[in-house]
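Take a look at the structure set out below.
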Amino acid sequence: MTAYVPNIAFAILFSALVGLFVRNVRRIIRNIKLGKAANRSDQPKQRWLHMARIALGQSKMIRKPLSGALHVVVYIGFIVINIELLEIIFDGFLGTHRVFAPFIGDFYNVLIFTFEIFALLVFISVFFFWTRRNITRVKRFWKPEMKGWPKWDADIILYVEVLLMGLFLTMNAADYWLQTVAQDPHYIQAGSFPVSQLLLPLFDGMSIQTVIAVERTAWWLHIGGILMFLNYLYYSKHLHIILAFPNTYFAKLSAQGHLPNMDSVTNEVKLMLDPNADPYASSDTEPSTFGAADVTDLNWVQLMNAYSCTECGRCTAECPANQTGKLLSPRKIMMDTRDRISEVGKSLNKKEEPNQNTLLDNYISREELWACTSCNACVEACPIAIDPLSIIMEMRRYLVMEQSAAPSELNVMMTNVENNGAPWPFNQQDRLAWREELNT
């Protein structure tokens, strides 16, 4: 019976942490569904291609060649090493060791060789990323919104990646030593270890039992660390590891300069222009509010955008308003939206009513909203097709249509359009008076 204790312990650990992960995923889906409906089921072929090009192909990430290429290395390494994770899970449940090796023969050596090379490349990439954040201090990583937890979160992820790769190589090195020295049938001759074999001198003078303990400890910490990392994603910007794919699939495919009109307003204008329409007819499409004051006024795609944000800051670095010293940071818009929906979600977890905070004013100031030039630079820069501008425009719409709180210059312009049919303070009779100056 004692022989099955490790298997039982693994089953309990795996079930508990995967169960917690599933619960967290359900909470995120619930929070996203608090947003209003949005139809993104059109053009399925284009959506699949869009997702394949941006999320899978990393096409926008590599616009910055060096950092983009190293990110691709980490991304591929994450995918490749997950194949090794499957073997660990099977071994954990079955009590086997390198269960795939007998079935795929020499190809197993190729796989382990590939895993180790990518583990080394991840080490190099993480060192580069950490240096850029903490030594050379790239400007976009040191904006005001990146103080406190956001900065710690970015560093914690880098440390975790180093730890997991270190445990993986330590586990392999101990396993390789046991294959060649212990002659233990449990440690079958399998795998190619181009990187971890460099660690073999660490085991000089150790007993076989000590090296087995090292191998087992690294094995348990490696799989346990990965499962705990999955649950850490719920609290981290690295949730984009999961959400980048649906986020790019459901992204806006129309021209970036296109700003959608509200159906209720469009129908109202059509009604006004139709001489045969009943002027007293009511519209069935009138919304409960115009624009957005809180996260529940946004649509579900915008909320998914907030959860998907990588906090890379490319949007803010490209924002002309931010570059000229304005308060606006598109990254902060997405971070604030995620923080607010998480706050609402915590209340739902406790079965309480959400507090009286709103996204507008409590998280995002009016100064930030009116600083935006609606140029779409942030949307173009985002490596996973997030649209901060859509949230800004919805909140502006609320200020104008619900609170009549537009800046004075904008109110003057809208009054001129209403009275004169143009943004300038000249009546329609004088609109062409400028031509007379050409004839004199």
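The values are calculated or read from the model by the stated rules, or taken from the named source; none is laboratory data. Please read these numbers as outputs of a predicted model, since none were measured by experiment. Here the Cβ positions follow ideal geometry from the backbone for every residue, glycine too, while neighbour counts run over all protein chains shown.
Return the residues of segment 1-10 that are assigned to a helix (DSSP H, G or I), among the aliphatic types (A, V, I, L, M) and without any contact (Cβ under 8 Å) to a residue 60 or more places away in the chain; say none if nothing qualifies. Of everything in segment 1-10, those that are assigned to a helix (DSSP H, G or I), among the aliphatic types (A, V, I, L, M) and without any contact (Cβ under 8 Å) to a residue 60 or more places away in the chain turn out to be VAL5, ILE8, ALA9.
In the set (1) out of contact with any Gly (no Cβ under 8 Å at 6 or more places or on another chain); (2) modelled with pLDDT under 90; (3) surrounded by fewer than 17 Cβ atoms within 10 Å (Cβ to Cβ), ALA406 fails one condition alone, (3). crowded, with 16+ Cβ neighbours inside 10 Å and either of a type in the set (Lys, Arg) or not assigned by TED's automatic domain parsing to the domain that holds VAL379 (or both): does that describe PHE90? No; evaluated as a whole, the condition is false for this residue.
Only one of the numbered conditions (1) among the polar types (S, T, N, Q); (2) under 22 Å from the mean Cα position of the chain (by Cα); (3) within 29 Å of VAL265 (Cα to Cα) is violated by SER342, and that is (3). When ALA174, ALA190 are screened for being touching a helix residue (DSSP H, G or I) at 6+ places or on another chain (Cβ under 7 Å), hydrophobic (A, V, I, L, M, F, W, C) and more than 30 Å from LEU233 (Cβ to Cβ), only ALA190 passes. Of all the residues in segment 332-365, those that are touching an Asp or Glu at 6+ places or on another chain (Cβ under 6 Å) and basic (Lys, Arg) number 1. What do you reckon, is PHE168 assigned by TED's automatic domain parsing to the domain that holds ILE226, out of contact with any helix residue (DSSP H, G or I) (no Cβ under 9 Å at 6 or more places or on another chain) and of a type outside the set (Ser, Thr, Tyr)? It is false that PHE168 is assigned by TED's automatic domain parsing to the domain that holds ILE226, out of contact with any helix residue (DSSP H, G or I) (no Cβ under 9 Å at 6 or more places or on another chain) and of a type outside the set (Ser, Thr, Tyr). Screening SER374 against (1) over 25 Å from the mean Cα position of the chain (by Cα); (2) part of a loop (DSSP other than H, G, I, E, B); (3) among the hydroxyl-bearing types (Ser, Thr, Tyr) leaves a single unmet condition, (1). Can you name the residue in segment 316-339 that is within 17 Å of the chain's Cα centre (by Cα) and either modelled with pLDDT under 95 or over 16 Å from ASN376 (Cα atoms) (or both) and, of all such residues, is surrounded by the fewest Cβ atoms within 10 Å (Cβ to Cβ)? Filtering segment 316-339 for residues that are within 17 Å of the chain's Cα centre (by Cα) and either modelled with pLDDT under 95 or over 16 Å from ASN376 (Cα atoms) (or both), the one surrounded by the fewest Cβ atoms within 10 Å (Cβ to Cβ) comes out as ASP339. Take the residues in segment 397-440 that are in a helix (DSSP H, G or I) and in contact with a Ser or Thr (Cβ under 9 Å, 6 or more places away or on another chain), then tell me which one is nearest to ASP361 (Cα to Cα). Among those that are in a helix (DSSP H, G or I) and in contact with a Ser or Thr (Cβ under 9 Å, 6 or more places away or on another chain), it is TYR398.
Among residues that are surrounded by fewer than 18 Cβ atoms within 10 Å (Cβ to Cβ) and modelled with pLDDT of 80 or more, MET414 is included. Each residue in segment 11-38 was checked for being without any contact (Cβ under 8 Å) to a residue 60 or more places away in the chain, among the basic types (Lys, Arg) and more than 30 Å from THR96 (Cβ to Cβ), and 1 pass.
Sort out which residues of segment 295-337 are polar (S, T, N, Q) and under 23 Å from ASP155 (Cβ atoms), and write them in order of number.
Of all residues in segment 295-337, those polar (S, T, N, Q) come to 296, 299, 302, 305, 308, 310, 316, 322-324, 329, 337.
Those that are polar (S, T, N, Q) and under 23 Å from ASP155 (Cβ atoms): SER308, THR310, THR316, SER329.
Here ARG47 clears all of (1) part of a loop (DSSP other than H, G, I, E, B); (2) in contact (Cβ under 8 Å) with a residue 60 or more places away in the chain except the condition numbered (1). The residue that is farthest from LYS326 (Cα to Cα), among those in segment 358-373 that are surrounded by fewer than 14 Cβ atoms within 10 Å (Cβ to Cβ) and touching a residue at least 24 places away in the same chain (Cβ under 8 Å), is THR373.
Output yes when any residue across segment 107-122 is under 22 Å from the mean Cα position of the chain (by Cα), buried (at least 16 other Cβ atoms within 10 Å of the Cβ) and assigned to a helix (DSSP H, G or I), and no when none is. Walk me through it before giving the result.
To start, the set of residues in segment 107-122 that are under 22 Å from the mean Cα position of the chain (by Cα) comprises 122.
The next check asks that each one be buried (at least 16 other Cβ atoms within 10 Å of the Cβ); those that pass are 122.
Subset that is assigned to a helix (DSSP H, G or I): 122.
Within segment 107-122, one or more residues are under 22 Å from the mean Cα position of the chain (by Cα), buried (at least 16 other Cβ atoms within 10 Å of the Cβ) and assigned to a helix (DSSP H, G or I).
Quick one: is GLN58 outside the structural domain of TRP220 (by TED's automatic domain parsing), under 29 Å from ALA381 (Cα atoms), polar (S, T, N, Q) and part of a helix (DSSP H, G or I)? Explain how you work it out, then say what you get.
Values: outside the structural domain of TRP220 (by TED's automatic domain parsing): yes; under 29 Å from ALA381 (Cα atoms): yes; polar (S, T, N, Q): yes; part of a helix (DSSP H, G or I): no.
Considered against the rule, which asks whether it is outside the structural domain of TRP220 (by TED's automatic domain parsing), under 29 Å from ALA381 (Cα atoms), polar (S, T, N, Q) and part of a helix (DSSP H, G or I), GLN58 comes out as no.
If you check LEU70 against the conditions, is it of a type outside the set (Ser, Thr, Tyr), assigned to a helix (DSSP H, G or I) and exposed (fewer than 13 other Cβ atoms within 10 Å of the Cβ)? Judged against the criteria, LEU70 is not a match. Using beta carbons and a limit of 6 Å, which pairs, at least six apart or on different chains, have the first residue in segment 247-263 and surrounded by 11 or more Cβ atoms within 10 Å (Cβ to Cβ) and the second one in a loop (DSSP other than H, G, I, E, B) and at pLDDT below 80? The qualifying pairs are ASP263/THR285.
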